[in-house]
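S.K.: What follows is a structure written as structure tokens; I'll ask about it next.
The values are calculated or read from the model by the stated rules, or taken from the named source; none is laboratory data. Just so it is clear, the structure is predicted and the values come from calculations on it, not from any experiment. Here the Cβ positions follow ideal geometry from the backbone for every residue, glycine too, while neighbour counts run over all protein chains shown.
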Amino acid sequence: MPDEPAPVTLKLKVNGKPCALTVEPRRLLVELLREDLDLTGTHVGCDSSYCGACTVLMNGRAVKSCTMFGVQADGAEIVTVEGLEKDGQLGPIQTAFAEAYGLQCGYCTPGLLLSALQLLGSNPKPQESEIRKAIAGNTCRCTGYQNVLKAIRLAAEHMAKG
Amino acid sequence: MYTAAFEYHRASSLEEAATMLSQIGEGAKILAGGQSLIPLMKLRLAAPSHLIDIGFTSGGSYIREEGRLLRLGALTSHAEIELSPVAQRIAIVHDCAAGIADVQVRNRGTIGGSLAEADPSGDWATALLALSAEVHLISPAGERTLALDDFIKDAYTTALRSNEVIAEIRVHVPDAGSGGAYICLKRAAPVYATASVAVELKLEGNVCRQPAIVLGCVGLRPIRVDGAEAALRGREIDDVALEAAGEAVRVAADPESDMRGSAEYKRTVAGALVKRALRAALGRARGEIVETSHLYA
């Protein structure tokens, strides 16, 4: 095995902004977001594909950014929690989480917001069971999930009103 | 966590990936969605020195029904299968895809990757062994098709040769009057199951024909339970038959005690799951719409 594997240059669009990075292939997508692009809203919880704190959207779909090499996201559009606000205003899902107390310590919240965004993007009026299924990959140690469920229902209402 | 260092190669087709495997030789591994491989690499249980990424190839993700065959491209994600109306027609396939881990993992993970890893707690091998399924492999030397039962050799061990890539999974569509179900007991969505059961059967009137019962997570590879099938074959499935099948499953299961539960607990769980799966399969064989989901405890 070579001592230093050849770095790879990749292009991403992160929260609408194009960027190019040259990285060692073993670096994870979450590391590129946090360390190279300084987008520290995406959190590392378990680092083992369990907790979902690192969830981001890749081409519109929720993925665990701790379980992807950055090189696998070459050419992709990534949305992180930093991309949810517009012109300094919180987006509708963020507002709903604040209003419904859908968080306590907040560590898992960026991941939950992105999982909720995938759900509501494809299913604007989800059933309770569909909301539960959509966030099954996001662990929250504080809330007991009840207010998270409320927040996502509220977000659906906000988004329906436009 | 960092994986061991590796050289990264991007294949433009599965054929090119197979050629790269041949050229690089030892230490090369295929990367598809990475949902099994990356966790193994982070734990350094796998440390390939070269990864050949097939995630940028095109045409490897599809779900087609051709005649009596459901053809799934190896790069088809669990989510694509979950949402496919074509795949939904085979209940076991839908149950399996919809219940794998969580949304995030289903978006990235592929059916070919799951079979290639051959984790004894993986879902696809157990589910598909209750159907008649084959794995189509390509290599620079040619191609071959193996019955899934011959492909899965042991824990984390398949019949894949060092220069072969999985191209397609082929599932024979069950006859009319058939029904199946795949059910797991899990501690939470993202983790591997404690025990899993796949059941497929056909009804003629009320008489059970061609039962197939396969257990996952309770041995080094999925276990086909001949004793439970014999308890059902050629008879009406009543409570007595269900009990007999459950007992045969308890006996056939060969689990290890670990953090998911003791061996005795897992045997009991498998015996209970097979009865639930059989009831769902019977309803479906009669044309009823039976919703199933994994059990969380």
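S.K.: Answer yes or no: is there a residue in region B:156-166 that is buried (at least 19 other Cβ atoms within 10 Å of the Cβ), among the acidic types (Asp, Glu) and in the same structural domain as B:Gly271 (by TED's automatic domain parsing). Outline the logic, then answer.
M.R.: Of region B:156-166, the ones buried (at least 19 other Cβ atoms within 10 Å of the Cβ) are B:158, B:160, B:163-166.
So of that shortlist, the ones also among the acidic types (Asp, Glu) come out as B:164.
If we keep only those that are in the same structural domain as B:Gly271 (by TED's automatic domain parsing) too, we end up with none.
No; the residues of region B:156-166 include none that is buried (at least 19 other Cβ atoms within 10 Å of the Cβ), among the acidic types (Asp, Glu) and in the same structural domain as B:Gly271 (by TED's automatic domain parsing).
S.K.: A further question on this structure: Of these, B:Val249, B:Val290, B:Val274, which one is within 27 Å of B:Ala188 (Cα to Cα) and in a loop (DSSP other than H, G, I, E, B)? Reasoning before the result, please.
M.R.: Working: B:Val249 fails: in a loop (DSSP other than H, G, I, E, B); B:Val274 fails: in a loop (DSSP other than H, G, I, E, B).
Just one listed residue meets the conditions, B:Val290.
S.K.: Sort through B:Val218, B:Val214, B:Val207 and tell me the only one that's modelled with pLDDT of 95 or more and surrounded by fewer than 15 Cβ atoms within 10 Å (Cβ to Cβ).
M.R.: On the way: B:Val218 fails: surrounded by fewer than 15 Cβ atoms within 10 Å (Cβ to Cβ); B:Val214 fails: surrounded by fewer than 15 Cβ atoms within 10 Å (Cβ to Cβ).
Only one candidate passes the filter, namely B:Val207.
S.K.: Among (1) of a type in the set (Ser, Thr, Tyr); (2) under 15 Å from the mean Cα position of the chain (by Cα); (3) in the same structural domain as A:Ala156 (by TED's automatic domain parsing); (4) surrounded by fewer than 19 Cβ atoms within 10 Å (Cβ to Cβ), which single condition is A:Ser122 missing?
M.R.: That leaves (2) as the condition not met.
S.K.: Can you pull out the residues in region A:72-82 that are at the interface with chain B (Cβ under 9 Å from one of its Cβ atoms) and in a helix (DSSP H, G or I)? Break it down stepwise before answering.
M.R.: Here is the first cut: in region A:72-82, the ones at the interface with chain B (Cβ under 9 Å from one of its Cβ atoms) are A:72, A:74-75.
The answer is A:Gln72, and nothing else.
S.K.: How many residues does region B:68-108 contain that are of a type in the set (Val, Ile, Thr), farther than 21 Å from B:Pro39 by Cβ and in contact (Cβ under 8 Å) with a residue 40 or more places away in the chain?
M.R.: Count: 3.
S.K.: Here is a further query. Out of the residues in region B:147-192 meeting the condition of being within 14 Å of the chain's Cα centre (by Cα) and within 14 Å of chain A (Cβ to nearest Cβ), tell me which one is nearest to B:Ser58 (Cα to Cα).
M.R.: Ranking the candidates gives B:Tyr192 first.
S.K.: Mind checking which residues of region B:241-261 are aliphatic (A, V, I, L, M) and farther than 14 Å from B:Gly219 by Cβ? Show your work before the answer.
M.R.: Initially, region B:241-261 is screened for residues aliphatic (A, V, I, L, M), giving B:241-242, B:244-245, B:248-249, B:251-253, B:259.
If the condition is that a residue be aliphatic (A, V, I, L, M) and farther than 14 Å from B:Gly219 by Cβ, then B:Ala241, B:Leu242, B:Ala244, B:Ala245, B:Ala248, B:Met259 are the ones that fit.
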